[in-house]
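Asks: The structure that follows is given in the form of structure tokens.
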Amino acid sequence: MSLTKSEVIEKNRYELQFSVDKATFDEAVTKVFRRKAKNINVPGFRKGKAPRAIIEKMYGAGIFYEDAINDLIPDAYSEALKESALEVVGQPEFDIVSLDENGLVLSAKVYVKPEVQIKDYFGIEVEKEVVPVTDEDVDKEIQLVRERNSREIEVTDRPAEMGDTAVIDFEGFCDGVAFEGGKGTDYALKLGSGSFIPGFEEQVAGKSIDEEFDVNVTFPTEYHAAELAGKEAVFKVKIHAITKVELPELDDDFAKDVSEFDTFAEYREDVKAKIEKRRESEADRAVEEKLMDALIEKLEADIPEPMFEAETENFVRDYDNRLRMQGLDLKTYFKYTGLTLDTLRAQMRPQAERQVKARLALEKIAELEKIEASEEDIENEYKSIAEAYGVELDQVKASIDADAIAADMKVKKAMDLVKEKAVIISK
């Protein structure tokens, strides 16, 4: 198997021709015969026992050719690609050029990475905006932690108040007739949550345990059940229990419970420092995005369509994987959202295009600046991946090629260099 021709047929597109010798082709045909003959019926023979010559006479000499060619293509194409030294993108289009006493000749039309030009990539001016952390920001963060550490306690010495949870029985009537879906027992209703019809929760507030009362409401004009929309209704309600959320006091004991600090003052300072660090990271990411936009503007390249298509598919595949981690999949997602695979692709296409352009720009910068990835860089990246996904280092090394890691590291280093050389104006 060898490459016989490599020529440009249009911009960024090549045609490769590669051959498979007669002996190798015949061997592949024989393997297909052995694999498939057992399922072929020939009159006068038991199933799978007919000689090859009889089968070929009955069904044609080329009955096994297509499968044999399909079996040969992966290795033959891979060898031809290696000989060509082309950096192919997208999927090839295969054709049979000839099949005769000399063997098999195949062709593959392929797209390759485009020639890229980029200049003036150092000294890009961007603004870095870090939002200051206020006392209110710190209070909100602490309040979230406080709510996560709250406890629910029973209320027996007062009527229900907004913010309480009332456990109720209820049944709704329109014109004196109970309506479907309007009845519930032991329902835990958070007063003020807005989960019931407007006005309902406010009328439960002020009522006590074991009290029975009417709630008068009017259904919204755009209510989902058309037969109830805009109608007045009366709900018969009884309260069985009332609970409230009790928040912990913001003191040194709270700090000890939720952190490694002994005093609330220390804990508060740490919360502020973490918000500042988070916002600094967000500002850094925003700077990188602005730099990336600038690099894309400076990029000159005639990018083949298959590069965008392939990256779009990568985005779709990653999205599917994320859904599966949440117990969903694309089919279920489409069912509930009304989207289709084509609409999802259309949504992800702009992001995929940006990713392709950014990668090409950074790869070119890495080339121009002679950036390399050291063995230590590659090893550290392997360790980071293993730690992030909780898998063994050897398993990561077996599944990800070192050349791919090196390529990613060079791109990362190129971005770091562009950022280092940028003029960043802090706001």
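The values are calculated or read from the model by the stated rules, or taken from the named source; none is laboratory data. Nothing here was measured: the structure is a model prediction, and the numbers come from that model. For neighbour counting, all protein chains shown are included, and Cβ atoms are generated from backbone atoms with ideal geometry for every residue, glycine included.
Asks: Give the stretch 104-130 a look and list any residue that's part of a loop (DSSP other than H, G, I, E, B), buried (at least 17 other Cβ atoms within 10 Å of the Cβ) and aromatic (Phe, Trp, Tyr), or say none.
Replies: Scanning the stretch 104-130 gives a single hit, 121.
Asks: Can you tell me which residue among 265, 255 is of a type in the set (Gly, Ala, Ser), free of Cβ contacts under 8 Å to residues at least 60 places away in the same chain, loosely packed, with under 12 Cβ neighbours inside 10 Å and farther than 27 Å from residue 166 by Cα?
Replies: 265
Asks: If residue 240 meets every condition in (1) out of contact with any strand residue (DSSP E or B) (no Cβ under 6 Å at 6 or more places or on another chain); (2) touching a residue at least 60 places away in the same chain (Cβ under 8 Å) apart from one, which number is that one?
Replies: Result: residue 240 fails condition (1) only.
Asks: I'd like the full set of residues that are under 17 Å from residue 143 (Cα atoms), assigned to a helix (DSSP H, G or I) and of a type in the set (Val, Ile, Thr), limited to the stretch 256-288.
Replies: 258, 271, 275 - these are the residues of the stretch 256-288 that are under 17 Å from residue 143 (Cα atoms), assigned to a helix (DSSP H, G or I) and of a type in the set (Val, Ile, Thr).
Asks: Restricting to the stretch 152-183, what's the tally of residues that are within 17 Å of residue 243 (Cβ to Cβ) and either of a type in the set (A, V, I, L, M) or not in a loop (DSSP other than H, G, I, E, B) (or both)?
Replies: Adding up the residues that qualify gives 11.
Asks: Shifting gears a bit: On the given criteria, is residue 138 aliphatic (A, V, I, L, M) and at pLDDT 95 or above?
Replies: Spelling it out, residue 138 is indeed aliphatic (A, V, I, L, M) and at pLDDT 95 or above.
Asks: Then there is this: So is residue 127 among the acidic types (Asp, Glu) and in contact with a Ser or Thr (Cβ under 6 Å, 6 or more places away or on another chain) or not?
Replies: Answer is no for this residue.
Residue-wise test of (1) surrounded by 14 or more Cβ atoms within 10 Å (Cβ to Cβ); (2) among the β-branched types (Val, Ile, Thr).
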site	(1), (2)
143	no, no
157	no, no
161	yes, no
174	yes, no
190	yes, no
208	yes, no
221	no, yes
225	no, no
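Asks: Can you name the number of the only condition in (1) of a type in the set (A, V, I, L, M); (2) in contact with a strand residue (DSSP E or B) (Cβ under 9 Å, 6 or more places away or on another chain); (3) closer than 30 Å to residue 25 by Cβ that residue 126 fails?
Replies: Every condition holds for residue 126 apart from (3).
Asks: Same structure, new question: Which condition does residue 210 not pass, out of (1) out of contact with any Lys or Arg (no Cβ under 6 Å at 6 or more places or on another chain); (2) within 30 Å of residue 141 (Cβ to Cβ), if it passes all the others?
Replies: Going through the list (1) out of contact with any Lys or Arg (no Cβ under 6 Å at 6 or more places or on another chain); (2) within 30 Å of residue 141 (Cβ to Cβ), residue 210 breaks only (2).
Asks: Answer yes or no as to whether residue 418 is in contact (Cβ under 8 Å) with a residue 40 or more places away in the chain and part of a helix (DSSP H, G or I).
Replies: Yes; evaluated as a whole, the condition is true for this residue.
Asks: Of all residues in the stretch 384-408, which are among the charged types (D, E, K, R) and either surrounded by 13 or more Cβ atoms within 10 Å (Cβ to Cβ) or touching a strand residue (DSSP E or B) at 6+ places or on another chain (Cβ under 8 Å) (or both)?
Replies: Result: 397, 408.
Asks: Which of (1) out of contact with any helix residue (DSSP H, G or I) (no Cβ under 7 Å at 6 or more places or on another chain); (2) closer than 23 Å to residue 125 by Cα; (3) touching a residue at least 24 places away in the same chain (Cβ under 8 Å); (4) not polar (S, T, N, Q) is the odd one out, the single condition residue 408 does not satisfy?
Replies: Failing condition for residue 408: (2).
Asks: How about the stretch 210-219: which of its residues are surrounded by 11 or more Cβ atoms within 10 Å (Cβ to Cβ), part of a loop (DSSP other than H, G, I, E, B) and out of contact with any Leu (no Cβ under 6 Å at 6 or more places or on another chain)?
Replies: Listed by number, the list holds a single entry, 211.
Asks: Report yes if some residue within the stretch 40-57 is more than 25 Å from residue 310 (Cα to Cα) and touching a strand residue (DSSP E or B) at 6+ places or on another chain (Cβ under 8 Å); otherwise report no.
Replies: No - not one qualifying residue is present in the stretch 40-57.
Asks: Where the second residue is surrounded by 12 or more Cβ atoms within 10 Å (Cβ to Cβ) and the first is among the acidic types (Asp, Glu) and lies in the stretch 90-110, which pairs have Cβ atoms under 6 Å and are six or more apart or on separate chains?
Replies: Once the first residue is among the acidic types (Asp, Glu) and sits in the stretch 90-110, its partners that are surrounded by 12 or more Cβ atoms within 10 Å (Cβ to Cβ) give 93/109; 95/107.
Asks: Would it be correct to say that residue 273 is loosely packed, with under 14 Cβ neighbours inside 10 Å, under 30 Å from residue 415 (Cα atoms) and of a type in the set (Gly, Ala, Ser)?
Replies: On the way: loosely packed, with under 14 Cβ neighbours inside 10 Å: yes; under 30 Å from residue 415 (Cα atoms): yes; of a type in the set (Gly, Ala, Ser): yes.
The answer is yes for residue 273.
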